[in-house]
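The values are calculated or read from the model by the stated rules, or taken from the named source; none is laboratory data. Note that this is a predicted model, so its numbers are computed, not measured. Positions of Cβ are generated from backbone atoms using ideal geometry, with glycine treated the same way; all protein chains shown enter the neighbour counts. Accessible surface is based on the protein model in full, side chains and every heavy atom, while ligands, DNA and RNA are left aside. Shrake-Rupley method; radii C 1.70, N 1.55, O 1.52, S 1.80 Å.
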Amino acid sequence: MPERTIIEPFRIKAVEPLRFTTRAEREQALAAAGYNLFALAADDVLIDLLTDSGTGAMSSEQWAAIMRGDESYAGARSFERFESVVRELTGFTHVIPTHQGRAAERILFGELVATGEVVPNNTHFDTTRANVEFQGAEARDLVCTEGRDLQLDAPFKGNLDLEALEATLREAGDQVPLVLVTITNNSGGGQPVSLANLRGVRELCDRYEVPFFLDACRFAENAWFIKEREPGQQDRSPREIAEEVFRLADGCTISLKKDGLANIGGVLALNDPELAARCRDNLILTEGFPTYGGLAGRDLDALAVGLQEVTDPDYLRYRVRTAAYLAEKAWAAGVPTVRPPGGHAVYLDAGALLAHVPAPELPAQALACELYLEGGVRAVEIGTLMFGRPGEPGQPDLTAPHELVRLALPRRSYTQSHVDYVGEVIAAVAARAEQVRGYRIVEQPRWLRHFTARLAPIIG
Ligand code: F0G
């Protein structure tokens, strides 16, 4: 068969018009937003790559399912459908819906994690880390050595370092309430975790008698990478692989705003009946009755369909190819990215592109602002604005280890020509990279400063 273009495996039934702005309008909007892209009105953004979370397009079958939603307070048919789809996919007996991923994290850690304990993970996502630390425990990142080298091309850079995990379990075994693995490893560049690595984690957790949970927001993309990259997996379907992956663990938290293919939702699923009962009690306090957990019946129905559609090989081939295609555009323009490209996003290396802007002057934020000014593309800074903080009095400010800009791809929302356009915007900014100047923070909150800080350009 000749190599043909990998096309979007859908046609479009409903459209949402984009609003075009002029450069002058964008300059004004960005200044009014204090040079913080989170403060922009979405209407002033042309292509929104801020996140792949809750921003995807639902299918016609999902919209049909919305009409089947049963809004009964208790025992709704929608819950039965959702529960049976999650059970089939994951094999877990207890299925607890939540309004999004972080609610599932809060409930699980609230019941399982205590002060002074240690929670290992390949890399904690921000909300996962915050929820572990909120319990007074340490969130310990143990990603493999390859995963720490941005430019290295390796198939499974999301893997957990099994030796480091064993050392943690040996030294702090009774202080480890659970081991987490994030698939794919979002904070590490959307890198996948191999089946072999997950089996290794299972073995260690059995040996040390510690529960093993997945943070499985992007389980379908991870399954596709296993199919493509892991020896012996090529002939299996992504569905079969995903089913095996879930069955290696004792439970999972999932933000269904990603591979649930819906705009809201989350789930906590697990096998331990006693822990599940405690989690349900906790759920009732803040999320809602156990058969809706903060969601409408129609959301549960849309999710039940989304969770079946997401493992379609044609969809996953197109999905993963889109990120690789965008990365190739960046490389052609001379912009380095985290390698290999992840499943849901491309991470531009602003530290390398804007080497003349020192980290305290926020090179990744500067690049994100330029992409917006150049073409109305909104991305997210993952660098010193997000992870740095002011130094102690008399000390310099703390900077992040990497200066990245994440271009996250909403699912089924943009076409290849949108991606071509983003590539052109990246190339235009890269062509005048040496003229890009940094930013300083003029106002910042105490926590999670990237969401609300106000900045000003450094002139001169
Ligand atoms: N875990 C991972 C790996 C995530 O990427 C996210 C969210 C969450 C947990 C929390 O889920 O938002 O439904 O509460 N990631 C989004 C992002 C926000 O942009 O990467 P949530």
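The table that follows gives values for the structure above.
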| read-out | value |
| --- | --- |
| Strands (runs of 3 or more DSSP E) lying entirely in the stretch 198-288 (those with 2 or more residues that are among the β-branched types (V, I, T), open to solvent by less than 10 Å² (accessible area, probe 1.4 Å) and modelled with pLDDT of 95 or more) | 251-255 |
| Only one of L165, L178 that is within 16 Å of the ligand (Cβ to nearest atom) and more than 22 Å from E221 (Cβ to Cβ) | L178 |
| Count of the stretch 127-182 residues which are assigned to a loop (DSSP other than H, G, I, E, B) and farther than 24 Å from R339 by Cα | 6 |
| Subset of the stretch 14-36 that is open to solvent by less than 50 Å² (accessible area, probe 1.4 Å) and part of a loop (DSSP other than H, G, I, E, B) - its residue that is farthest from A456 (Cα to Cα) | T21 |
| Inter-residue pairs, beta-carbon under 7 Å, first within 30 Å of D44 (Cβ to Cβ) and in the stretch 1-23, second among the charged types (D, E, K, R), 6+ apart | F10/R412; R19/D43; T21/D44 |
| Matching residues, the stretch 102-123, being open to solvent by 30 Å² or more (accessible area, probe 1.4 Å) and within 9 Å of the ligand (Cβ to nearest atom) | R102 |
| Verdict on A42 being aliphatic (A, V, I, L, M), free of Cβ contacts under 8 Å to residues at least 40 places away in the same chain and within 16 Å of the ligand (Cβ to nearest atom) | yes |
| N197 being more than 16 Å from the ligand (Cβ to nearest atom) and in contact with a Phe, Trp or Tyr (Cβ under 7 Å, 6 or more places away or on another chain) | yes |
| So T90, is it in contact (Cβ under 8 Å) with a residue 40 or more places away in the chain, among the polar types (S, T, N, Q) and either under 22 Å from P401 (Cα atoms) or within 15 Å of the ligand (Cβ to nearest atom) (or both) | no |
| Complete set of residues in the stretch 390-418 that are within 16 Å of the ligand (Cβ to nearest atom), part of a loop (DSSP other than H, G, I, E, B) and aliphatic (A, V, I, L, M) | L409 |
| Residues within the stretch 334-360 that are surrounded by fewer than 19 Cβ atoms within 10 Å (Cβ to Cβ) and at negative phi, tallied | 6 |
| Test: residue in the stretch 357-371 that is closer than 30 Å to V15 by Cβ, outside any helix (DSSP H, G or I) and either touching a helix residue (DSSP H, G or I) at 6+ places or on another chain (Cβ under 7 Å) or of a type outside the set (D, E, K, R) (or both) | no |
| Criterion: within 21 Å of N197 (Cβ to Cβ) and in contact with a Phe, Trp or Tyr (Cβ under 8 Å, 6 or more places away or on another chain) - qualifying residue of L160, L169, L152 | L169 |
| Where I96 falls short, out of the listed (1) within 16 Å of the ligand (Cβ to nearest atom); (2) touching a Ser or Thr at 6+ places or on another chain (Cβ under 9 Å); (3) not in a helix (DSSP H, G or I) | (2) |
| Lone qualifier among L407, L316 - being buried (at least 16 other Cβ atoms within 10 Å of the Cβ) and within 25 Å of T21 (Cβ to Cβ) | L407 |
| Members of the stretch 124-147 that are over 19 Å from W447 (Cβ atoms) and either in contact with a His (Cβ under 8 Å, 6 or more places away or on another chain) or within 12 Å of the ligand (Cβ to nearest atom) (or both) | D141 |
| Qualifying residue in the stretch 155-172 (condition: on the phi > 0 side of the Ramachandran plot and in the same structural domain as R106 (by TED's automatic domain parsing)) | no |
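Okay, residues lined up against (1) within 16 Å of the ligand (Cβ to nearest atom); (2) touching a Phe, Trp or Tyr at 6+ places or on another chain (Cβ under 6 Å); (3) not in a loop (DSSP other than H, G, I, E, B):
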residue: F38; (1), (2), (3): yes, yes, yes
residue: T55; (1), (2), (3): yes, no, no
residue: A64; (1), (2), (3): no, no, yes
residue: D70; (1), (2), (3): no, no, no
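Residue-by-condition table, conditions (1) touching a residue at least 12 places away in the same chain (Cβ under 8 Å); (2) under 26 Å from A333 (Cβ atoms); (3) among the hydrophobic types (A, V, I, L, M, F, W, C):
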| site | (1), (2), (3) |
| --- | --- |
| L371 | yes, yes, yes |
| R389 | yes, no, no |
| S417 | no, yes, no |
| E424 | yes, yes, no |
| R454 | yes, no, no |
| I459 | yes, no, yes |
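Per-residue answers, yes or no, for (1) within 27 Å of Q175 (Cβ to Cβ); (2) out of contact with any strand residue (DSSP E or B) (no Cβ under 9 Å at 6 or more places or on another chain); (3) within 11 Å of the ligand (Cβ to nearest atom):
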{"site": "G189", "(1), (2), (3)": "no, no, no"}
{"site": "C205", "(1), (2), (3)": "yes, no, no"}
{"site": "C217", "(1), (2), (3)": "yes, no, yes"}
{"site": "I226", "(1), (2), (3)": "no, yes, no"}
{"site": "Q234", "(1), (2), (3)": "no, yes, no"}
{"site": "S237", "(1), (2), (3)": "no, yes, no"}
{"site": "L261", "(1), (2), (3)": "no, yes, no"}
{"site": "G266", "(1), (2), (3)": "no, no, yes"}
{"site": "N271", "(1), (2), (3)": "yes, no, no"}
